[in-house]
Amino acid sequence: APPSVVTNEQRHSAEVMFLNFRKTKTPYALCRHILETNGIFINKFSTNVVFEAAGLLKDALIREWSFLQESDLISLRQYLLQYIIQKQLQPFVRERILQVIAIMVKRGSVEDFGTHRGQILTETSLGLSLVPSSQILGCNIISALMQEYATTVKSSDVGLTWETHFKAKKQFEVTDLKRIFQFCVQALGELSKLSPPYSDEVLSLTKHLLSIAEAEVNGFFRTKILSKWKFYIVYESDQSPALRLGTHWKEVILDPNVVNLFFTIHWKVRENPQLAHHSLNCLVQLASLNGAVFASKDVRVQYLGNYMQGFLNLVTSVDILDREALGISNIVRKLILFFPPPLLVGMPADLLQSFLEQLTQLTCRFSEGAAQEEMLCAEDRLYMEAFDHMLEAWISVLHDSQVFPKDFCKQSSMQIFNTYLKCHLSPPDGTRGQGRELDTEEIDETEEDDRTKFKDQLQTIGSFGRQVPAHSLPLLSKLLEDRTNRLQGQLQRMHSQAMNISDTSILDCLFEDIHWLVLIAGHVISMDSEGETALIPSEIMHYSIQQASSGQVNVETTLKLLGSPGHHLVDIPGADESSDHVVRLTAAVFRLCEVEKRAVEVKLGHLLSPEVASSIMWFLRRWSLSYLLPVETYYSEMSMALVAAFGKDTDGATWTVNFLLSKVESNLCSFNSEPGLVKDTVRLFIALVDMREKGSVVLKREGLWNMSSIKIKNWKTDIVEVNTGSSLIREFPGGPLQYRRHFVVIVLKPLQDRFKNVICQENFNRIFHEENVKMEIIDILESFIGVAQGSQVVTVHSLFQFLYPMLSEFATLVGVYHNYQQVVELILELYCECARGMLCYLTQ
Amino acid sequence: MADIEDTHFETGDSGASVTYPMQCSALRKNGFVMLKSRPCKIVEMSTSKTGKHGHAKVHLVGIDIFNAKKYEDICPSTHNMDVPFVKREDYQLTDISDDGYLCLMADNGDLREDLKVPDGELGAQLRADYEAGKELLCTVLKSCGEECVIAIKTNTALDK
């Protein structure tokens, strides 16, 4: 009651009374009395009292079980059962009393091995032919029982040990679970014969039955007893573990009518969100059926065939609702997971074909839905998740594509690839909307970029692209060439005229297109290779060779195309018809680099997109790992065009390396205010110098030495200093002696000289604090840290000899600069890096 | 972008520049920058951008080196910010005058008496330690025409 009616003391004393009440010992008669008297006039207060009484019963029973007489227990249980059947109770009260009954049954089953439970179940299912209301009650009883036996937080602590609880649960699973499932199936079967409109009772009963079925197929079969060690394993972590059944479930679950029934039920109730949720979950779990219940492969194939037919009937006869998408995608995912391609090929050919077609349609549909969600920044990413699940399923299919008939997946691959591309391009080529305020959103540095956020998607789309290279490579090339031309045109226009607002939105649109084209292209022609050797994907290599063998490739034209990034395609005769497609795509990205470079040269760098520039660096890095100076011994066959363009000792390779280096230079000089871009550019640079073969080409380059001295002067970001220092030094083992000496002369010696010049000044002790002196010291320190970090086993001795004399000087500097935190920290860091990277490797 | 060596900065006294320009992206945490015309130590630095294809902006949070007030600023990373010249020097405390001025001796023996005892806890600590007879070193922070004692240390060199 509200505070206006009841005082604080009264409330407090009421509270105390309740608490004491709950502690009453052997309250059985008392509770019965309360139930009895309050059952007559049911109002708000008596309901609560009954509730409390039930709670009290529960606690007392658990506490005093071992002391109670069996006859008393039986009579109490029967009384309670009658009570809830006869009286109209509030749901929460009924649930509480049911819980008490269930606890009694469970506790008793430990001793009687479930006989009483079996009796109750028999009685309940006898109510099958009665009115829905008693059937619902039956469902409630069953639910309460299942809840008690389940391993969830809802099941109460009935004073049993874990071990006993599991034993009881296992026993329940073995004896009665199947019966309950059969009961549900039978009841649902009856209901499915009804036609709409459905009464509330029917709906309610359906919900109850579905919930029980769902609970069965979902969570129950988790316990596994390794009897050898009496070890109980519970798979709590998996949200919905697979449906693993034993042989005794054969007649129940393998009857095709059972699966068909669930499909029918779902078809009937799918408009009702609550019911549809349960029915769909049941279907998802049925898709994951596995275990001893399948006696042979044939049986599995048979089950799959029946399920697949039901699935196809469903998806072809309805318009999938938004909230169904996730469930449908889960069905597909589980089907492919538990009935992988080697089993799928056992399907009748036309059934399999239809299945594949539907999979393709669904994937495309979800892809479009995901793009919509992304555009609207939707809260729930239903389609996005569904799309990801479909892609997961496709990975398995593509991976085992050799078991399918030739070209089985090609049509699907093309469709899905095209749809994805379309979703990410602006009209008229694509359907990318303008919903998000792309140009006004504030984006923090911690936000994930697209290439990370959509990595899994892009990887799979790349796989699709590689299934149909004759389609994807030219398509990507043409689109990229077109967008690059447009970009150039737009920039030229802005160069000669004044800029206005609409121009930037045109640019943004172009940038977004280019950004996605580069990302997709990068995933098609190369694969992620963390910790592995980066190779040209076999499908691409194979395609390039095939293109040449069918007479479509003119190597000379191809090389010309590659070497003219400043020219349009049309300026090179024959380029459109007879250049190798892989090289053409690469050249398209090079042309894009050229446009950027030129824009910077005419002071239009501020109009460019750092995001696009980063994507390009990302592309070039992974491209160069695989394609630039490939190691021919890794491949069983090589494409002539690729070898001619990028192979060892070719002019093409030298030209390419120089081209990439000058792009790196250009970026680092003009975009050093963009930390992300600088990082990506340096990563490309490291990729170029890191490999032995590439490194020697790099070292030959004149410009490199100029670049390294510029770097050491200009850049203030630690990562750049460190990386350039270390990457240059890594070249020691790769390069012949003359390069080593060259390196010392060009990079190390000047550092040493600068250092000497600074500290040997006469008035150093007075001017050390001056800004320019301090800056120089900091600069030198950072370069030395880079040297220390870049040392390797082969180079450590010579590098240490170089650093050592100066280290002791730095020790003195700590004292000189004791008031300047920045300098002291750097000196300490230098010592740390020397110790960590060098000391332990010294042998002399 | 201007090379550091090309920029003129004079460290003389009156009429000379007390700051020099530096590109925003070159600033670093724990470095110094002028915010709202006050010399500040950078305590937080983060980048963001407007729009997916926008250019980087730097968000700076700094603490005034003299009065510990907090200031913030956002600027495009290509812009130049003013960086104050900051000098820290240790002086030996020889005396505290009656009107609260410190008598400080530099390493070269020069005396100065133009700085007052600092406010707050530091000043109290200084007085207490001085009264207790400890040999004190005062660290004087100088920037943008302002000077004050920022820290005190007991002179361990003399104890030996």
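Only the coordinates and a few stated rules stand behind these numbers; no lab work does. Being a predicted model, the structure only gives us computed values, none of them experimental. No Cβ is skipped: glycine too gets one built from the backbone with ideal geometry, and neighbour counts run over all protein chains shown.
The table below lists the values:
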| quantity | calculated |
| --- | --- |
| Contact order relative to length of the range A:260-384, as percent, for alpha carbon pairs under 8 angstrom and 6 or more apart | 28 percent |
| Cα gyration tensor, the range A:535-644 - rounded (a/c under 1.5), prolate or oblate | oblate |
| The range A:367-508: C-alpha gyration tensor shape, a/c 1.5 cut-off, then a/b vs b/c | oblate |
| Neighbour net charge for B:Leu137 - beta-carbon separation under 11 angstrom, K R +1, D E -1 | -3 |
| Taking A:Lys334, A:Lys167, B:Lys29 and counting other C-beta atoms within 10 Å, the order from fewest to most | B:Lys29, A:Lys167, A:Lys334 |
| For the range B:64-111, the fraction of alpha-carbon pairs in successive 5 Å shells from zero, as % | 5, 13, 14, 15, 15, 12, 8, 7, 8, 3, 0 |
| Cα-based Lys proximity count in the range B:29-91, under 24 Å, for pairs eight or more positions apart or on separate chains | 22 |
| Per-residue Cβ neighbour rank within 10 angstrom, fewest leading, A:Lys663, B:Lys142 | B:Lys142, A:Lys663 |
